[in-house]
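The values are calculated or read from the model by the stated rules, or taken from the named source; none is laboratory data. Not measured: the values here are computed from a predicted model. All Cβ positions, glycine included, derive from the backbone under ideal geometry; neighbour counts span all protein chains shown.
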Ligand code: G6P
């Protein structure tokens, strides 16, 4: 979603802002712009489209300015066009503002401002905010911002330039993340660390209802109620190579191929093979409470929700605790019945998804144990959870989640293993599972050897408009995830179903134009899945199977077979999802789609 960058120091600011905006492209956006302090004036350029379009607009202009802010906008209020793009100026052209989030009462505020003579060029809530600040400004910008933000309802991460304060950038947040980077004689801002790690790793994550005045020497942080704050200075651990393509044509492909390593990173120091157990530092203090929990509720959105569904099978199987999985957007609004006896785990790659955050807060408010599983260190959900666990998968840039998913599943196995060992799971069973987990990365690499074959299947897939993904048990959520990957990036309509549900509806769709992707590994429901494959073949469907090596029945029945090595049943999703990720990727590339930034999608969905 929208991205914010900012810099104040001694270097020429424009190239720094453009690079920062490029680092945030992955969040998804449809227009971009910058505002600089330039020789006593505010210099603003913006453009509908991508950063490269903004660069065309800039046409080689090189202002010497050393302070400025930039923004990528993902349209919410008003179409993606020049007027609605950020930065927005106040009516007098003296204040420039970039804004992430949504001002919910913007209509009322807009009417009040119009009555007072303010005029608007855009349809955005953000232009209302900059004019509100302008109306309240009487020579003290901090005061005006503070007063203005008291009047707004909704969420914001803002950065403001004032013509009267050329040595400063003003920032504030409620609900939309903002990171301040502390360099040597230069200070940066970003909506996430990717925008600033080229310059510094020392960061302050601004908390909700805090604002800061930034200059080249650092940041003075206070609350919006003007209370003193002693900000914690954190360190960003990853390096630049983690957010570069490193020779791969797309981030998504790089992240798919990184998975043997990222699942190791998720297990490192946590998997105790000899003990057949797992140790998760962040959950240690509340493992007893989790184990005695009445209900374990997992809440999430998108791909993270699919990981949650696998978590349900895992925790029920290994720990014997009843689990429910809820879409965060539904959970938060249906006044869920929760008590202190329940645990709620929010799973989220970004740690910023608005619905997941609201669900976590709802759980907290009702006294449940609110747990978080995040990838982005320092993210809002990571900080608001009572306890939690990081994925350690490194930055995920491709909008379509891949490596975060496999790390989520691995981390859920670790949680289920630790919970199981507190209960009835024997050390022998724990050891066998831990050993299988240890062997997973090498097994995953074997799947990559079939990439040419998967590419060939994709060459045929591009001719189709629909696809059906079927799986059972642990691999039913994988069918959902495979279908989601295909529709997200290739725009082919794809649906996932539990295989046995096929005869209750989807079978009506099957003819020779329907590709059906079966996950048909040797597990207790294998024979049933074989019957489903027969049913599809009998109706002329094109069958692609993800199966175990040497399965002659599958070879005979199916048109295409992609092999995944055998592993413990509850670990199979970590392997079976990989060919489905690659199939979606190659199909999208062959169709000429923008794989890393699919149309209309955003990486971090910070609006409801
Ligand atoms: C967006 C992304 C998906 C992601 C979902 C949940 O829709 O495009 O890839 O799965 O948000 O994101 P989260 O960061 O909470 O895992």
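Some observations on this one:
- On the stretch given as the stretch 226-250, residues that are part of a loop (DSSP other than H, G, I, E, B) and touching a residue at least 60 places away in the same chain (Cβ under 8 Å) total 6.
- When residues of the stretch 373-389 are limited to those that are within 13 Å of the ligand (Cβ to nearest atom) and under 14 Å from residue 266 (Cα atoms), the one modelled with the lowest pLDDT: 376
- Pairs meeting the criteria (first residue in the stretch 279-304 and farther than 23 Å from residue 337 by Cα and at pLDDT below 90, second residue away from the ligand (no atom under 16 Å from the Cβ) and part of a strand (DSSP E or B), beta carbons under 7 Å, at least 6 apart or on different chains) are 285/387.
- Among the numbered conditions (1) touching a helix residue (DSSP H, G or I) at 6+ places or on another chain (Cβ under 9 Å); (2) touching a residue at least 60 places away in the same chain (Cβ under 8 Å), the only one that residue 134 does not meet is (2).
- Number of residues in the stretch 390-413 that are crowded, with 24+ Cβ neighbours inside 10 Å and not in a loop (DSSP other than H, G, I, E, B): the value is 11.
- Residue ranges of strands (runs of 3 or more DSSP E) in the stretch 22-106 with at least 2 members buried (at least 22 other Cβ atoms within 10 Å of the Cβ): 31-38, 67-73, 95-100
- Taking the criterion of being surrounded by fewer than 13 Cβ atoms within 10 Å (Cβ to Cβ) and free of Cβ contacts under 8 Å to residues at least 12 places away in the same chain, the residues of the stretch 488-530 that qualify are 504, 505, 508, 527.
- Residues of the stretch 326-342 classified as at pLDDT 95 or above and buried (at least 24 other Cβ atoms within 10 Å of the Cβ), total: 1
- Enumeration of residues in the stretch 457-480 that are in contact with a helix residue (DSSP H, G or I) (Cβ under 9 Å, 6 or more places away or on another chain), assigned to a helix (DSSP H, G or I) and surrounded by fewer than 20 Cβ atoms within 10 Å (Cβ to Cβ): 459
- Selection from the stretch 391-408 of residues that are closer than 15 Å to residue 271 by Cα and either in contact with a strand residue (DSSP E or B) (Cβ under 6 Å, 6 or more places away or on another chain) or within 13 Å of the ligand (Cβ to nearest atom) (or both): 391, 407, 408
- Residues that are assigned to a loop (DSSP other than H, G, I, E, B) and surrounded by fewer than 17 Cβ atoms within 10 Å (Cβ to Cβ) within the stretch 425-451 comprise 426, 449, listed in sequence order.
- Here 359, 370 are screened, and the one residue that is closer than 25 Å to residue 284 by Cα, outside any helix (DSSP H, G or I) and either more than 9 Å from the ligand (Cβ to nearest atom) or under 23 Å from the mean Cα position of the chain (by Cα) (or both) is 370.
- If you go through the stretch 294-339 and pick out every residue that is more than 16 Å from the ligand (Cβ to nearest atom), in a loop (DSSP other than H, G, I, E, B) and in contact with a helix residue (DSSP H, G or I) (Cβ under 9 Å, 6 or more places away or on another chain), you end up with 7.
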